[in-house]
Amino acid sequence: MHLMQLPREVLLGENLKGEVVNVAKRLGLGEKALILYGPRTKEIAGREVERNLQESFDVSALTVKAATTGEVERALAKIRDEGADWLIAVGGGSIIDVAKLASFKAGVPFISFPTTASHDGIASANASIKDLGSKTSVKAVPPVAVIADVEVIKTAPYRYLAAGVGDMISNLTAVKDWRLAHRIKGEYYSEYAASLSLMSAKMVIKNADIIRLGNEESVRKVVKGLISSGVAMSIAGSSRPASGAEHLFSHALDAIAPKPALHGEQVGVGTIIMAYLHGLKWERIRETLKRVGAPTNAYELGIEPDIIVEALTIAHTIRPERYTILGRDGLTREAAENAAKITGVI
């Protein structure tokens, strides 16, 4: 049996902070709501969403500071104490990831209300939780609804939008890795999920100049692509369509870099290197990232070249069960350095 869980509603537009009430009523989510936000996202949109919900629902709130197992446990305790029927996450990736895993463990639905468009977690079933110094992707459930307010997302620093492009463009190498695992290891492969994932990547390449403007249309393009990417993962039943060796490289950086960059920024740089290893047109990927103002090398990431090389050599150990272009043994230091130098990453 292959189970596909998808968001039931996706809203994309302006002034949607009041729409949460209508969505929750249409979906019959129940009377008791728990809203999760961060200290900053509370001011950006959380407080207003909460105020609107209080007119029709019994609402409690929790401020989340990071995507850690401790914060997930705090959210779970709050769900149980308040008897919450459903959750809404107003924030970036960390807030949404905590809500995603807590709602999954508690067996209640959640709504995703992103305040940035920096990665495809806004609509996917996978949650990245920081634990023991590294980021691990955990299987949960996708949001029952996604409400993307273009005006709210546009207020975030442009850097986050560019990072979203990095996360989407990585689908090119992720799908290549997935096909490789299918051919060599006999892993399940979905042509439909792969095609949907690749469509998101091709869309950002085609619209790089529009995205660079950082206006409402830019946000719409990126958000649509990120949601499609999340849906592709739901159809596949795994993160395979949007997560390959480039993501392993990013997770390795999270583990060893003194100050990691944004997830999408690291993944974008990783995509350049993995595209080179796959024999793809890596220059085109680098050019797209440059056009949208995303990092394309170690200097722009703010990470030392030695750390980049080290991350490349240990990336294959992050998820040993996930077969990628890095193989079972990974890259030698010499091969890693060579790939990084040829692509201009170091």
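Which of the three applies to the range 247-341, rounded, prolate or oblate, going by the alpha-carbon gyration tensor with a ≥ b ≥ c and a/c under 1.5 meaning rounded?
Judged from the Cα gyration tensor, the range 247-341 comes out oblate (a/c at least 1.5, b/c at or above a/b).
Quick one: plug the Kirkwood hydrodynamic radius of the range 9-154 (C-alpha pairs) into Stokes-Einstein at 37 °C, 0.692 mPa s, and report D in µm²/s.
Approximately 225 µm²/s, per Stokes-Einstein.
Taking R0 as 35 Å, what FRET efficiency do you get between Arg284 and Thr63 from their Cβ-Cβ distance, rounded to the nearest 0.05? Numbers along the way, then the final one.
Working: r = 42 Å, r/R0 = 1.21.
Once the sixth-power term is evaluated, E becomes 0.25.
Mind giving me the nanometre distance, one decimal, between the label points for Leu76 and Arg47, set 7 Å out from Cα along Cα→Cβ?
3.2 nm
For the range 75-148, what is the Kirkwood hydrodynamic radius in Å, using each pair of distinct C-alpha atoms?
Working: mean 1/r = 0.0824 Å⁻¹.
For the range 75-148, the Kirkwood estimate is 12.1 Å.
Which semi-axes, in whole Å and largest first, does the equivalent ellipsoid of the chain have when worked out from the alpha carbon gyration tensor as the square roots of 5 times its eigenvalues?
After scaling each eigenvalue by five and taking roots: 33, 20, 19 Å.
Considering just Cα atoms, how many Å³ per residue does the convex hull of the range 196-255 enclose?
For the range 196-255, the hull spanned by Cα atoms encloses 96 Å³ per residue.
Would you mind checking the pairs Lys154/Lys224; Lys154/Lys341; Lys221/Lys259; Lys130/Lys259; Lys17/Lys224 and listing those with alpha carbons more than 25 angstrom apart?
Flagged as over cut-off: Lys154/Lys341; Lys221/Lys259.
Rounded to whole Å and sorted largest first, list the principal axis extents of the Cα atoms in the range 95-243.
Ordered largest first, the range 95-243 gives principal extents of 44, 39, 30 Å.
For labels at Thr317 and Glu217 in the simple 7 Å Cα→Cβ model, what's the distance in nm?
Once both label points are built, they end up 4.8 nm from each other.
For the range 37-113, state which chymotrypsin sites (Phe, Trp or Tyr not before Pro) are in a DSSP loop and have at most 13 other beta carbons lying within 10 Å of their beta carbon.
Hits after loop and neighbour filter: nothing returned.
Taking every Cα atom in the range 158-342, find the radius of gyration and the maximum pairwise distance Dmax, and write them in Å.
15.2, 45
What longest range of the chain stays clear of loop-exposed trypsin sites (Lys or Arg not before Pro) (DSSP non-H/G/I/E/B, at most 12 other C-beta within 10 angstrom)?
After excluding every exposed loop site, the longest remaining stretch is 1-280.
Computed from the coordinates by the stated procedures, all read-outs in this text should not be read as laboratory data. The shown structure was predicted, so the numbers you read here are calculated from the model rather than taken from an experiment. Because the Cβ atoms are built from the backbone with ideal geometry, glycine has one as well, and the counts that use them run over all protein chains shown.
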